[in-house]
Amino acid sequence: MIADVKKELDSVKNKKEFLKQKLEEEKDAETRVEIRRLLVQEIKKDALVKLDINEPGEYNITYDSMSEGLEPIYFWLLDFMRGTAPTGLGLEVKKLDEAFEASVSSGYYGEMGSRASIMEDRAMKIMGTVNTVIRSIINLMYDLKEFRIRIDSYDDLKSDNAQKREIAEISLRGVWMDQVDIKHGRGSINGLAQQLQFVTLRDAFFRMKSVDQIDNLDLNSRVKVILKRKFQEYNEWRKYSGDELRKRYNIEKAYLKSQVESLKLYTKWARPYLIAAQKLRMREFNSPDIVNTFNNMQMEISLFGKKEVKPESVFEKYKKIKFKNKYYSCLEVEFKFRTVPQSLRTAAGSQYVHAGTTDMFFRGYMFTDEELKIIEDQEAYEGLELVEELTNNSLKEIYADMDLYLQDQPSEQKKKKEEKKKKEIVSIWNVFGGFKEVTNKLKEVFRYIGPTKTKDSFEVDQVKSSAKKAALETVLRAYDIYKKGHGMIAW
């Protein structure tokens, strides 16, 4: 549970590593979402740049305008962040987070709830078909597994190994007795042995190797006649059943392929509806700004821009050094809207215009590429863990088995060629194995050419310092130009 993770987190020194480990260990989708959210918070907390007075590099603008919509504010900053200089910041921009909560009595709550229900109903109908196809695939895989075992016995009959041939023959005779001969009821070998006291019949059937050998067995004439008839029937069955089994195997394998393609298609159809339903789901902020009897809502959106600080831009000689990580100066603009949605009727249907109080927070960060990967993936995983489990992760377990039957099985001759080829490769490797030692020596020699700089090196500190300085300049510029561009007091 996430409560236990938070409790443990308070007593841990390296919180980021602790949360990464928990994220790998946790299986529950909802808990993983919360752990990832905590991890992103810790990463941002450490990466937030500071001013010269040791205060966080964060600026805030708050204003209230019931006559101006929220969309112009959002899109002005989006265009400015990704616009090229001198009219923009030239950043690579992504939307990291988006969440909303509406009061339960508002029209917006009902509208979004209805849309989410429609998406969920459509998704569940398709997922019902997906479940049917999965059950069909599982049954086909079970049949193919049984067929594969039987086919291996037929292949072993042609093996050069005498023991393999004997085991395969015994196995096929057992199959014939249990599945073919048993249909004769009391006239089957098992029926005769159990009900009519032909106790030697079963053992004799397994021991004899040919019809000619039957006359030499120490058995009465009645048993010999039955054995000859049964052995003749078995030989006819073995002659044709192998080919028929391979045909059936290939037919079901082809059907499995079609079912797998159907499964992929239905899954693709279901994903957009599941994702839409998850995105329309509201997040509980537990904020006093939301009052159940009011017609209002709250939104939170984050825009995130980044720009790589290349080592050669700090010092030209750093171009020859290989750094372990890449370093980025980043700007995050977080919007917190408290709005009163106003419904407008158009030809396309109901649309909502948002106006109210806007809080904008400008923050500067310095991140490594590894930290950015975790942060940028948050939006991809936020609220979509369940979708992944329903449409992708739940199928991974059976995909491994499906690949076994979707690929062509190697014949006995092909297996022998592959084994021979492996032996030749091993032989060649033994001859030229000395190259490995030479390679290791060369690695030792070239280890000092273009060294990789770790996080503790002086050069890395210089690049980090430059990235932090660039982040501070970016956040201040965004804050200052927005105010000037909207007629606010600036200095």
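Read-outs throughout are calculated quantities, based only on the coordinates presented, and are distinct from any laboratory measurement. Values in this document were obtained by computation on a predicted structure and should not be read as measured data. Quick reminder, even Gly has a Cβ in these numbers, built from the backbone with ideal geometry, and neighbours come from all protein chains shown.
Structural remarks
- In terms of its C-alpha gyration tensor, the stretch 22-75 has an oblate overall shape, because the principal axis ratio a/c (a ≥ b ≥ c, square roots of the eigenvalues) is not below 1.5 and a/b does not outweigh b/c.
- Segments 470-482, 360-372, 306-318 sorted - mean Cβ within 10 Å per residue, highest first: 360-372, 470-482, 306-318
- Available extension along the chain between Arg229 and Ser210 is 5.6 nm, counting 0.36 nm per residue and deducting the alpha carbon span.
- Listed pairs Lys94/Lys257; Lys22/Lys95; Lys279/Lys464; Lys322/Lys373; Lys15/Lys306; Lys145/Lys209 exceeding 32 Å between Cα atoms: Lys94/Lys257; Lys279/Lys464
- Between the listed residues Leu38, Val5, Leu23, the Cα displaced farthest toward the positive end of the dipole of the stretch 1-47, a dipole computed from Cβ unit charges relative to the Cα centre, is found at Leu38.
- For Lys324, the residues whose amide H sits under 5 Å from its own are Lys453, ignoring neighbours fewer than 5 places away on the same chain, with H placed 1.01 Å from N.
- Whether the stretch 290-354 is rounded, prolate or oblate, judged on the alpha carbon gyration tensor where a/c under 1.5 counts as rounded: prolate
- Sites Leu476 and Ile134, calculated FRET efficiency, Cβ-Cβ separation with R0 45 Å, nearest 0.05: 0.20
- 5 angstrom amide H check on Lys50, placed H, neighbours 5+ away: Gly57
- Computed from backbone phi with θ = phi - 60° and the Karplus coefficients 6.51, -1.76 and 1.60, the 3J(HN,Hα) list for the stretch 182-196 is 4, 5, 7, x, 5, x, 7, 4, 5, x, 5, 6, 8, 9, 10 Hz; x is used for glycine and proline.
- The string of couplings for the stretch 367-376 from the Karplus curve (6.51, -1.76, 1.60, θ = phi - 60°) is 10, 8, 5, 5, 5, 5, 4, 5, 5, 6 Hz, one whole number per residue in order, with x for Gly and Pro.
- Evaluating 6.51 cos²θ - 1.76 cosθ + 1.60 at θ = phi - 60° for every residue in the stretch 471-486, the Karplus couplings come out as 5, 5, 5, 5, 5, 5, 5, 4, 5, 5, 5, 4, 4, 5, x, 10 Hz, glycine and proline recorded as x.
- Debye intensity ratio I(q)/I(0), log10, the stretch 124-277, q values 0.09, 0.10, 0.17 Å⁻¹ (C-alpha model): -0.47, -0.54, -0.99
- Farthest towards the positive end of the charge dipole of the stretch 124-277, among the residues Ser210, Trp269, Ile226, is the Cα of Trp269, using unit charges on the Cβ of Lys, Arg, Asp and Glu.
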